[in-house]
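Novice: Below is a structure I'd like to ask you about.
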Amino acid sequence: MLASYRKHCAHSAPSRGQLVMPQFLKVLPLYLNCLRKSKVLLPGPGVSIDDRAYLRQLVMSMGIAETNVLFYPRLLPIGLNGDQGLREVRCTARRLAPEGFYLLEDGLSLFLWIGMSVPAEWIQNVFGVPSFNAVDCGAGSLPVLDNPYSRQIRDVIHAVRKQRARFLKLIIVKQADSTEGQFRQLLVEDKSPSGGASYPDFLHHIHLSIQQSLR
């Protein structure tokens with residue numbers, strides 16, 4: 001299909017190294033690659049047959065908005081310097097800064113990722129502990145502390161949860177910790193630990209396939 005579009009429908013002669021796609025299909029490769037790496041289809045560590053069967057049944061009952069965030073999770077930086085807005089960034093580890101907090105949600109779970117260079121003041125005010133190393137990843141909730149940092153991050157989590165029909169369990173993840181694996185599996189633009197290609201590699205594969213079809 002894409003080879004035929006390049007050959008017959010492109011308005012100008014594209015260069016050989018350019019991937020040409022219809023405007024309304026620009027994100028198709030992205031979602032195809034996400035679907036190929038999803039637990040719904042791809043076996044992965046820690047996913048039982050029962051869990052996969054449950055996910056497949058669940059997907060069949062989901063609407064467009066729910067499947068959208070399931071296959072392409074939302075990665076949200078949390079600014080604790082008075083920035084109240086939520087801005088989604090691309091779902092890749094390249095967007096993770098070690099001095100920041102990030103929320104990642106797929107409509108089923110909610111991860112709070114903590115960079116190892118987050119200021120000690122933020123750690124103290126959000127978690128009530130003196131350092132990054134003292135943060136307990138086993139805690140399923142944040143302590144209720146009387147300071148602007150704590151209120152802001154809890155308000156953000158509450159706002160994200162309100163957007164979903166299901167209650168999102170909070171999972172706290174520290175950078176470079178053993179708990180980080182499950183979080184990184186949801187960074188769908190990166191190469192999957194289960195073997196799925198990164199988004200740039202998948203685009204390159206599509207481009208090569210189109211070139212071969214046109215020879």
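Any read-out appearing in this document is the output of simple, stated calculations on the displayed coordinates, not a laboratory observation. Note that the structure is predicted; figures quoted are calculated from it, not measured. Cβ sites come from the backbone with ideal geometry, for glycine too, and all protein chains shown count toward neighbours.
Novice: Can you list residues whose amide H is under 5 Å from Ala197's amide H, if they're 5+ apart or on another chain and H is modeled 1.01 Å from N?
Specialist: Ser192
Novice: Of Lys191, Lys169, how do they rank once you tally other Cβ atoms within 10 Å and put the fewest first? Mind showing how you got there, number by number?
Specialist: Working: Lys191 16, Lys169 12.
Ordered by Cβ neighbours within 10 Å, fewest first: Lys169, Lys191.
Novice: If a/c stays under 1.5 just call it rounded; otherwise compare a/b with b/c (prolate if a/b is bigger, oblate if not). Do that for the range 132-193, with a ≥ b ≥ c from the square roots of the Cα gyration tensor eigenvalues. Can you show the working numbers first?
Specialist: Values: a/c = 2.28, a/b = 1.32, b/c = 1.73.
Since a/c reaches 1.5 but b/c is at least a/b, the shape of the range 132-193 is classed as oblate.
Novice: Another one. So for the chain, if I pair up every lysine 8 or more residues apart or on another chain, how many of those pairs have alpha-carbons under 27 Å apart?
Specialist: 14
Novice: Of Arg184, Arg161, Arg56, which has the largest mean-square fluctuation in a 10 Å C-alpha GNM of the chain?
Specialist: Arg56
Novice: Note the per residue figure in Å³ for the convex hull of the C-alpha positions in the chain.
Specialist: For the chain, the hull spanned by Cα atoms encloses 152 Å³ per residue.
Novice: Can you sort Val188, Val156 from fewest to most other Cβ atoms within 10 Å of each residue's own Cβ? If you can, show how the numbers build up before the last one.
Specialist: Details: Val188 25, Val156 20.
Placing the least packed residue first, the sequence is Val156, Val188.
Novice: Points 7 angstrom from Cα along the Cβ direction at Ala120 and Ser48: gap in nanometres?
Specialist: With each label placed 7 Å out from Cα toward Cβ, I get 4.4 nm.
Novice: Springs between alpha-carbon pairs under 10 angstrom, Gaussian network model over the chain: which of Gly140, Gly79, Gly196 fluctuates most?
Specialist: Looking only at Gly140, Gly79, Gly196, the biggest GNM fluctuation is shown by Gly140.
Novice: Cut-off is 10 Å between beta-carbons; in what order do Met21, Met60 appear when sorted fewest neighbours first?
Specialist: Met60, Met21
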